[in-house]
Each structure stands twice: as structure tokens, then as C-alpha cells.
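Notes follow the structure.
The values are calculated or read from the model by the stated rules, or taken from the named source; none is laboratory data. All values derive from a computational prediction rather than experimental measurement. Glycine gets a Cβ as well: all are built from the backbone with ideal geometry, and neighbour counts include every protein chain shown. The protein model used for the area step is the full one, side chains on, heavy atoms only, and it has no ligands, DNA or RNA in it. Shrake-Rupley method; radii C 1.70, N 1.55, O 1.52, S 1.80 Å.
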Amino acid sequence: MPVAVAAFGLWACGDEAMTSAAQCTTKECLEQVGQSAGIISGGESSSSSYAENSVESSSDDGSGSQGPDSSADAQSPTSSSDVAISSGASSSSVAGPVLSSSSDALPGSSSDAVSSSSRGHQHSSSSATKPEVSSSSESTPPTPVNEFVEDHRSECQIGNIPSSVNNAKLPDPFMGLDGKRISSKADWKCRREEIGAMYEKLMFGTKPRNPEKVEGSYSGGKLTIKVTDKGKSGSFSVKISNAGTKDKPKPAMIGFGGGMMGGCGSLGNATNGLDIAQITFNPDDVAPESGGGMFFQLYNQGQGTIIAWAWGVSRIIDALEKTPEAGIDVKHLAMTGCSRWGKGTLAVGAFDERIALTIPQESGSGGASLWRVGAQVNKQKGKQFVQGLSSAGTEGKWMISSFKNYDGKENTLPFDQHMLVAMVAPRALLILDNAGQEWLGEVPSNYCGQASKEVYGALGATENYTYSQEGGHGHCQLPNGQFDEVKDFMNKFLLGKDAKTGKIDYTKNTQTINFKKSEWIDWETPSLK
């Protein structure tokens, strides 16, 4: 391993710690009422050469540096054309999408785990006037709807997002912004988008969607991704090893930095013997924590680096879809990373439904760890025992600049991290934590793991979720005791093999942990139909 890479790996692993259903609100969506429409991919695959990790601009308004805005409202995705604003729409007055039997089924296998729908989704409304269909067209099968998409944001109304609440307990993930609880699995689609919009506005910043063009070119084990949007272009590359072929593509694991191939975020030998491809993504190629970078030259809107990394992975998937010669089965993709890259991994899985399996490792504060519980632990200890919100909110420019203002006011957050974890549901999720690493939050991480299971239970998908916490090993060094859990999840959700998954396991912790559900949860977990 080059010295520079090794040094970066050590630094990165160092101390850091609707409720309403979907409703047509755009012209494009309204045109689809009563008919099916396929997805038109943006841009053609290009094999032309261009500079890696560079940005070309036809305008002069991009400074190339990150410009954090102290106003949380400035980060709101509700200002985007992707989001339609609704002032407390009642679920009883909104017609939901017509879901196919395949999308109704929750993932219990590798093929089910990635089933979703978005742009071009078919809708049904009792109040909408459907266009007349000629008798000749009635016998013609409808065009298949693309069920493999990044998210459903364009289909969903997002109500008014509160910037502050008064709630010492964990907010109810099933309570919509209109004050009504969701009652069906179909409702979760847009409730999930509401939660995502809340995180974008208050914590991460807006994730840009649907760039004008994404191109991919593959050669010598390297996939180069070129993104063009709003008159600007930028490119970056990822390395692919053990790839399949165009005719026989392989499932793949995307790893931050060294990913599972070594360095921070490594899954060690847990992947030995599994015939999957490995894709290495260096997030510095998109948004280095020191500032600037390709993402911020394209979209200088004060976002944090974590959402920029998530955007980068989404563009990798876009390029893989258009570059079959890379030999990757895009419908069986996993994502992994450790420490700060564990936070990024959780965000990737939360904001892109094309990820079939998400494996955040030791993600700590800002990842799969509860803000409210971490603040309580620090208060009890009389010091910052767990990385606090202000520290996490300023380190690495992971979050928007205004998020640090919630430090000491964690009970006013309209969400907590169990809701970010819930955004992955019902897709496969394996959370790996390290007991004894207090800066990462042994107790708040454990409680987050147990609270997050409630959403998987409501969706009837508990077999797709495991929380595992084991101590006695170094930071970002996966212990042998967690190898089988990694192999089981990868075999089941990437390779389609039988494996036993779904549990809460912290039997090898360094201290006694007693999660009292009634202390943190004052809502009932529904059984969504």
C-alpha cells in the first residue's frame, strides 16, 4: 500500500469520534395518470477521454469552495423543483400510488431487497380524470415501469418541516408532517421521503437529484464517471476488481476509501470466498473534508460532505447502469465504510434505494447513534464522553454549518438517528458497532440499534435487519465474531443464497447495557398492512 494511502487511512480512522400517500403534483406526474411510462435515461455512454477529478464550467458563478450558509432554511429541499409543498395534506384526501405485487412485497431475498419505484411511477386517483383509451390500445400491454430508482421524492408531497420540537423521547417515525400516523406499507414510501427532507433541511443539506447527464467509461479496471448539470461538468473515477462481464455481471460491494479491500472501513477477511466485485470509492475525489472539491464546484449550496459523498455513490450507480461492460450487477449492490465513512455509508443507504445492502461500521455520532442518548450520557459523566453534537457538527464539514446550533438542545430536534436508519427499511441493513469505543457512543449506538428495529418490525422485515455490537478489538478492525454476520448478509442479499439474518446481538459487550423501551419510546409500533 502506498505510504500516502496508508497515512490517509490511519487519519480517517482516527479519533472522531404521509402519513399521506403519494400524489401527482407536477405536470409530468399528471400526464402519467391512467397510463404507464418508462424511464428515459439521461445521457449516452461516452468513451471519450476527459480529465479525472476535474470540473468544466460554462458559467462563472461557481467559486469552487464550500460556502456554508448559517440558515437552515437555505438548505431546505423544499426549495427544489423536485419537491411539492403541502400544508398538512390529509391522507384521507390523497390517492396513493398503485403498487405492483412485486413492490408490495417486502424484501426477503436479494431480488426483493431492491424493489422500488419513482419517476414514471403509475398513479391512481379517484378524483383525477383519466384520459380515454381506445379499444385497440386496451389490448396492448402497458409499458413496464422502471422499479429501480434512486428515490421517490418527485412523487411525494412534503409538508412543513418544523425546525424545533419539545420532545425528550425519540420522535415517532410513523407520524407524518401533517400530524397523522401512516397506516400501510404503501404509506412508508412517502413518509420515508418526509424524513429524508427533514435531514436535508436541518442536518445534511440538499442532495441534488437527476443531473442532466451522467456518463460512464470503463477501461483497465477503472470506471470514470462524468456528470453534467446546469452548464457545468465534473468527473471522478473508481476502481473495480474481480468484475464480471457484460453477459455475466457480478454483485458488488462499494467501499469508501480502502473499503473492504483494506484501510478504514475494512471488513477484513469476512468477504473471503465470496464471488463478488469490489468497487473502491475515494470520497476525496468528490468532496474532501478540507473543503472544496468537485461536488461543491457543481453545487455550492452549503451542503455537508456526507450528503456530497452520498451523491457521489448515486452517480456511480447511474454510470454503472449505463456501462454494462464494467460487469457489475447493479441490482445487487452493497455499501460499506467505517468511522466517518460509516456515517457516509448510512447516508448512502438512506438516500438511494438502489443499494440492496447497507453495512455501516462503527459510524458513531452522526451515524447510527442517538443524539438524545449521547447527550444524556455526557450529562451523567459530567464531560464529553461521547462525541457531542457540536463536535460532530463541525468536524470534517460533515453537516451544514447551522446544525451545530442544536448542541445542548438535542430534545428540540424533530428527528433522531433511528429515523435515518429507518430510511433504509425495508432493504437489508447490517449495523456493526464496537463496544468499548466510548467516543463513538457504545450506549447511544446500542439504543439506536434497538429502536431502529421497530420500523423493520412494522414493515414485516425483521429478517432484513441485524444490529451487532462486539468489543475487544481496535477501531475499524472487524472481529472474527462478526465475520459470519457479514457473510450471511452478503450471501443472502447479494448472492441469493439461504442464510439466517435478523437479530439484535450485543452479548460480547464490555459493559452491561439495559435499553428500557418505555424510557425512550412513547409511541406504539404499528403493524403496517
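If R0 is taken as 41 Å, the Cβ-Cβ distance between residue 523 and residue 241 corresponds to a FRET efficiency of 0.35. Could you compute the FRET efficiency for residue 165 and residue 516, with r as their C-beta to C-beta distance and R0 at 30 Å, rounded to 0.05? E(calc), rounded to 0.05, equals 0.85. Annotation: the range 334-396 has a Kirkwood hydrodynamic radius of 12.3 angstrom, from the mean reciprocal C-alpha pair distance. Of all lysines in the structure, the ones whose alpha carbon falls short of 24 Å from that of residue 248, not counting any fewer than 8 places away in one chain, are 222, 239, 322, 331, 487, 492, 497. Computed over every Cα-Cα pair of the range 185-519 and binned at 10 Å starting from 0, the pair-distance distribution P(r) comes out as 6, 28, 36, 23, 6, 1, 0 percent. Of the accessible area of the range 185-519, computed with a 1.4 Å probe over protein heavy atoms only, carbon and sulfur atoms account for 43 percent. Here the Kirkwood formula, the inverse mean of 1/r across different C-alpha pairs, assigns the range 490-529 a hydrodynamic radius of 14.2 Å. Report note on the peptides 454-466, 186-198: ranked by the mean count of other C-beta atoms within 10 Å, highest first, their order is 186-198, 454-466. With the largest listed first and rounded to whole Å, the semi-axes of the equivalent ellipsoid of the range 236-344 from the Cα gyration tensor are 25, 17, 9.
Average accessible surface for the range 185-519: 29 Å² per residue, computed with a 1.4 Å probe over protein heavy atoms with every protein chain in place.
Rounded to a whole number of µm²/s, how large is the Stokes-Einstein D of the range 377-518 at 37 °C and 0.692 mPa s, given Rh as the Kirkwood radius over C-alpha pairs?
Numbers: Rh = 16.5 Å.
D = 198 µm²/s.
Protection proxy ranking for 497-506, 424-433, 244-253, 230-239, using the average of other Cβ atoms within 10 Å per residue and placing the highest first: 424-433, 230-239, 244-253, 497-506.
For residue 212 and residue 497, a Förster radius of 41 Å and the Cβ-Cβ distance give a FRET efficiency of 0.55, rounded to the nearest 0.05.
The stretch between residue 229 and residue 300, if pulled fully straight at 0.36 nm per residue, gains 24.3 nm over its current Cα-Cα span.
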